[in-house]
Amino acid sequence: MNHTVEDLSLFNALRQGDGNSFDHLFRRYYPMLCAYAHRLVSLEDAEEIVQEVMLWLWENRGDLIIESSLNQYLFLSLIHISEP
């Protein structure tokens, strides 16, 4: 199963409130998002921003409609939040 299909499956479970799906997505994307954000800000700030993105994902899971891939959505969210 490729990541896009697996992400879609995990995201659908996440939308239903499945904490295990959130945990899996968090562990998959946290390191990549932190590494990317660290290119823009300090590591401490990067980690905080990524945690904000992931928390927002969990809190708004029921209302989210992701038209592109989850990967793209998370990286775009990261860029949006890290802008001054």
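The values are calculated or read from the model by the stated rules, or taken from the named source; none is laboratory data. These figures come from a predicted structure and were not determined experimentally. Quick reminder, even Gly has a Cβ in these numbers, built from the backbone with ideal geometry, and neighbours come from all protein chains shown. Surface accessibility is based on the protein's heavy atoms, side chains included, excluding ligands, DNA and RNA. Shrake-Rupley method; radii C 1.70, N 1.55, O 1.52, S 1.80 Å.
Remark: the stretch 10-18, residue by residue, has Karplus-estimated 3J(HN,Hα) of 5, 5, 4, 5, 4, 4, 8, x, 6 Hz, where x stands for each Gly or Pro and the curve is 6.51 cos²θ - 1.76 cosθ + 1.60 at θ = phi - 60°.
Taking only the Cα atoms of the chain, the radius of gyration and Dmax are 12.4, 38 Å. Quick check: net charge around residue 24, other residues with Cβ under 10 Å of its Cβ, Lys/Arg +1 and Asp/Glu -1? Residues near residue 24 contribute -2 overall.
Taking the helices alone, the chain has a mean residue ellipticity at 222 nm of -25000 deg cm²/dmol, built from -39,500 (n - 2.57) per DSSP H run of at least 4 residues and averaged over all its residues.
Our coupling estimate for the stretch 48-54, obtained by passing each phi through the Karplus curve with A = 6.51, B = -1.76, C = 1.60 and θ = phi - 60°, is 5, 5, 5, 4, 4, 4, 5 Hz, Gly and Pro reported as x. Computed with a 1.4 Å probe over protein heavy atoms only, the accessible surface of the chain comes to 65 Å² per residue.
Counting only alpha carbon atoms, the long axis of helix 70-82 and the longest principal axis of the chain meet at about 30°.
The angle separating the long axis of helix 19-38 from the principal Cα axis of greatest extent in the chain is about 30 degrees.
Accessible area of the chain with a 1.4 Å probe: how many percent of it is carbon plus sulfur?
Answer for the chain: carbon and sulfur cover 52 percent of the accessible area.
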